[in-house]
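The values are calculated or read from the model by the stated rules, or taken from the named source; none is laboratory data. Note that the structure is predicted; figures quoted are calculated from it, not measured. Neighbour counts are summed over all protein chains in view; Cβ atoms, including those assigned to glycine, are modelled from backbone coordinates with ideal geometry.
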Amino acid sequence: MPGAQFDRPTSAAFFDLDKTIIAGSSALAFSRPFRRQGMITRRAVLRSGYAQLLLVLSGADADTMESLRRRITALCAGWDVAQVRSIVAETLHEIVEPLVYAEATALIAEHRAAGDEVVVLSASGQEVVEPIAALVGADRCLASRMRVEDGRYTGEVEYYLYGEEKARAARGIAAARGYRLEECRAYSDSITDLPLLEAVGHPTVVNPDKALRRVALERGWPILTFDAPVPLGVRLRPSRRVARAAGLAALVGAVGLGWMGVRRTRSA
């Protein structure tokens, strides 16, 4: 039967989320709706916006990033999990769709058509990552988790899917599903995902930071440039400008579920 060979995937394509599938930070993009609901203050938005801009423009060492992660994690302590999920669900199309790279969704569709399982691996929080992964057509996702007690965040991280942990996650999925890692693919923009890229047989860098670009050039890895964030539902409508997407992407600099969007970076 035509297509029967794809009834069960035979390999996986692992995707980072932020700056690989979407233009910016998935979690920080929700700053406006969180502020509208009174969960964060204008001062917190401005402070985290400055921090995000600093990271984008110049990078930061691991100690600085760890300090920032702890501070923003504490900000989320006491937030109601159900309310967070509700806000994300209600504003997903408004906030996230304009940030999604058209090239990324086309690539995801190609992998699915080829019979690959598409897996999003993200250091952002699962409350944000799960709906975005579904939106772009991924088969599954793994993400960081914050500890919850009585339906509220405690301010502690229960599971941080970062660095080497992404590689371990990929190896675990491959073992459970019977995939050969040398036949799997991985896509990321960040040097912090080098362990994941090294774990598969076909690594590809997307919009790489300077350190990752250097590694990719040294090892002959493919380098892709994604630069067309376009709303998923209106890709064929010329009246919706890419410029609007770029403007919304700038909002990523503010805090939403801030700890979830923060990744430790290294100086290039």
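For the range 17-37, the set of residues classified as more than 12 Å from ILE132 (Cβ to Cβ) and buried (at least 22 other Cβ atoms within 10 Å of the Cβ) consists of LYS19, ALA23, LEU28, SER31, PHE34, listed by residue number. Of the residues making up the range 94-136, those that are in contact (Cβ under 8 Å) with a residue 40 or more places away in the chain, closer than 13 Å to PRO229 by Cα and not acidic (Asp, Glu) number 10.
Count of the range 108-126 residues, restricted to those that are aliphatic (A, V, I, L, M) and buried (at least 22 other Cβ atoms within 10 Å of the Cβ), is 6. Can we say ARG214 is surrounded by fewer than 21 Cβ atoms within 10 Å (Cβ to Cβ), in contact (Cβ under 8 Å) with a residue 12 or more places away in the chain, under 21 Å from ARG140 (Cα atoms) and of a type in the set (Lys, Arg)? Against the criterion (surrounded by fewer than 21 Cβ atoms within 10 Å (Cβ to Cβ), in contact (Cβ under 8 Å) with a residue 12 or more places away in the chain, under 21 Å from ARG140 (Cα atoms) and of a type in the set (Lys, Arg)), ARG214 does not qualify.
Per this entry, ALA174 is counted among residues that are in contact (Cβ under 8 Å) with a residue 24 or more places away in the chain, among the hydrophobic types (A, V, I, L, M, F, W, C), part of a helix (DSSP H, G or I) and farther than 30 Å from ALA82 by Cα.
Restricting the range 153-168 to residues that are surrounded by fewer than 18 Cβ atoms within 10 Å (Cβ to Cβ) and touching a residue at least 40 places away in the same chain (Cβ under 8 Å), which is farthest from SER26 (Cα to Cα)? Here the residue is THR154.
Criterion applied to ASP227, ASP193 was being out of contact with any helix residue (DSSP H, G or I) (no Cβ under 7 Å at 6 or more places or on another chain) and either over 30 Å from ARG85 (Cβ atoms) or modelled with pLDDT of 90 or more (or both), and the one residue passing it is ASP227. For the range 214-223, the criterion of being over 29 Å from VAL84 (Cα atoms), modelled with pLDDT under 95 and of a type outside the set (Asp, Glu) is met by none of the residues.
Of the strands (runs of 3 or more DSSP E) lying entirely inside the range 89-159, those containing at least 2 residues that are closer than 14 Å to LEU17 by Cα span 117-125, 140-149.
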